[in-house]
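The values are calculated or read from the model by the stated rules, or taken from the named source; none is laboratory data. Everything numeric in this text was worked out from a predicted model, so none of it was measured. As a convention, Cβ positions derive from the backbone with ideal geometry for all residues, glycine included, and neighbour counts pool all protein chains shown.
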Amino acid sequence: MEFIKYKSTRGKESGVNASEAILKGLADDGGLFMPEKFPKFDFSLEDLKGKRYQEVAYEVMKLLLSDYTKEELTDCIEKAYDEKFDTEEIAPLVKAGGAYF
């Protein structure tokens, strides 16, 4: 797996791991951290169909937060997206005006 590095939106800081970027919050130059390059998703939307919100979150986050273990990510995801939401789906698709939101 490729490790994703983060850089400042103001361009003066780069090569930062996800965990470092999260702990720092802002880059030293005041910019926000963003991936130096976005990973290619190794799944299709069809692959995600029928999965729990937490499972989809893991599939995306494991690519962006590559210096965290599976156990660390799943633990954080399960704690973040638990029974505190109004619905078990967390963000259900709803049809309105002929489109899904």
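Give the residues of segment 70-89 that are among the polar types (S, T, N, Q) and either in a loop (DSSP other than H, G, I, E, B) or loosely packed, with under 13 Cβ neighbours inside 10 Å (or both), sorted by residue number. Steps first, answer last, please.
Within segment 70-89, the subset among the polar types (S, T, N, Q) is 74, 87.
Result: Thr87, single match.
Return yes or no: is Val60 outside the structural domain of Tyr6 (by TED's automatic domain parsing), within 15 Å of the chain's Cα centre (by Cα) and farther than 20 Å from Ser19 by Cβ?
On the way: outside the structural domain of Tyr6 (by TED's automatic domain parsing): yes; within 15 Å of the chain's Cα centre (by Cα): yes; farther than 20 Å from Ser19 by Cβ: no.
Spelling it out, it is not the case that Val60 is outside the structural domain of Tyr6 (by TED's automatic domain parsing), within 15 Å of the chain's Cα centre (by Cα) and farther than 20 Å from Ser19 by Cβ.
Restricting attention to helices (runs of 4 or more DSSP H) lying wholly within segment 1-69, give those where 2 or more residues are surrounded by 16 or more Cβ atoms within 10 Å (Cβ to Cβ). Working first, answer last.
Values: elements: 18-24, 45-48, 53-64.
Passing ranges, in order: 18-24, 53-64.
Need pairs with beta-carbon distance below 6 Å; first residue part of a loop (DSSP other than H, G, I, E, B) and within segment 90-101, second surrounded by 10 or more Cβ atoms within 10 Å (Cβ to Cβ); sequence gap 6+ or separate chains.
Ile90/Tyr53; Ile90/Tyr81
Please find, among Ser19, Ser44, Ser8, Ser14, the residue that is hydroxyl-bearing (Ser, Thr, Tyr) and within 21 Å of Thr69 (Cβ to Cβ). I'd like the intermediate steps shown before the answer.
Numbers: Ser44 fails: within 21 Å of Thr69 (Cβ to Cβ); Ser8 fails: within 21 Å of Thr69 (Cβ to Cβ); Ser14 fails: within 21 Å of Thr69 (Cβ to Cβ).
Ser19 is the lone residue from the list that is hydroxyl-bearing (Ser, Thr, Tyr) and within 21 Å of Thr69 (Cβ to Cβ).
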